[in-house]
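Colleague: For reference, the structure I am asking about is given below.
The values are calculated or read from the model by the stated rules, or taken from the named source; none is laboratory data. Since this is a predicted model, take the numbers as computed values, not measurements. Glycine gets a Cβ as well: all are built from the backbone with ideal geometry, and neighbour counts include every protein chain shown. Quick note on the areas: whole protein, heavy atoms, side chains included, nothing else; ligands and nucleic acids left out. Shrake-Rupley method; radii C 1.70, N 1.55, O 1.52, S 1.80 Å.
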Amino acid sequence: DVETLYAYADLLAFKRPEEQRDPELAEVLYKRVLDLEPNHLDVLVNYGILLMQSESKVLGAQALFQRAVAVDPERQVTDSRGESKSLKELCAELRVLLHQGAEQPSGQGVEGLKVQGEASD
C-alpha cells in the first residue's frame, strides 16, 4: 500500500537515529510510491528534502519541488528556523540559490523542511 511505503521511507530517511537511517533504501521506496502515485505531495516534498542532503542531487530535489508546486503551490512547509513558506516560495528561493552557485543550498534555510503538519525529522 502506498501510505505504508511512504511511512517506511520517511522512517528510514528522517525518523530514526542518524546511524540507523538508510537514505538509499528510502530513495528506492520514495521512487516506488511515485511510480504508483505520481502526484503524492508529501512524497514529492520529503523525497526532495532527502535529495537536498546530497550536493550531487540538488537538481533532482528542485525537480521534485517543482512537481509539488504543480500539485499544490500554496502548500506550506516549515524550515529549520521554524519559518513557514509556500512550496512556490521555496522553489523561487532554491532557483536563486542554484543560480548563485550555492554548493549546499540546504545551509541557506531549506534544511529541515517538512510539510505543514508532517514530521519529517
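Colleague: Less than 11 Å Cβ to Cβ from Val2, Lys/Arg counted +1 and Asp/Glu -1: what total charge do the surrounding residues give?
Modeller: Working: positive: Arg32; negative: Asp1, Glu3, Asp35, Glu37, Asp42.
With Lys, Arg at +1 and Asp, Glu at -1, the neighbours total -4.
Colleague: A further question follows. Taking 7 Å along the Cα-to-C-beta vector as the label spot, tell me the Leu41-Arg95 distance in nanometres, rounded to one decimal.
Modeller: For the pair Leu41/Arg95, the computed spacing is 2.1 nm.
Colleague: Which ³J(HN,Hα) values, rounded to whole Hz and listed in residue order, are derived for the range 60-71 from phi using the Karplus coefficients 6.51, -1.76 and 1.60 in 6.51 cos²θ - 1.76 cosθ + 1.60 with θ = phi - 60°, glycine and proline given as x?
Modeller: So the J values, rounded to whole Hz, are x, 4, 4, 4, 5, 5, 5, 5, 5, 4, 5, 7.
Colleague: Leaving ligands, DNA and RNA out of it, work out the accessible area of Arg67 with a 1.4 Å probe and give it in Å² to the nearest 10.
Modeller: So the heavy atoms of Arg67 present about 100 Å² to solvent.
Colleague: Something else now. Ignoring any ligand, DNA or RNA, what whole percent of the accessible area of the range 1-106 comes from carbon and sulfur when the probe is 1.4 angstrom?
Modeller: 50 percent
Colleague: Report the local net charge at Asn39: Lys and Arg +1, Asp and Glu -1, summed over other residues whose C-beta lies under 11 Å from its C-beta.
Modeller: -2
Colleague: Please give me the summed charge of the neighbours of Val69: other residues whose Cβ is under 10 Å from its Cβ, Lys and Arg +1, Asp and Glu -1.
Modeller: Numbers: positive: Arg67, Arg75, Lys88; negative: Asp72, Glu74, Glu89.
Charge balance near Val69 sits at 0.
Colleague: Accessible area per residue for the range 1-97 in Å², computed with a 1.4 Å probe and the full protein assembly in place, what is it?
Modeller: 52 Å²
Colleague: Let me ask something else about it. Going by the alpha-carbon gyration tensor, a ≥ b ≥ c the square roots of its eigenvalues, is the range 1-77 rounded (a/c under 1.5) or, if a/c is not under 1.5, prolate (a/b greater than b/c) versus oblate?
Modeller: Taking the square roots of the gyration eigenvalues as a ≥ b ≥ c, the range 1-77 is oblate.
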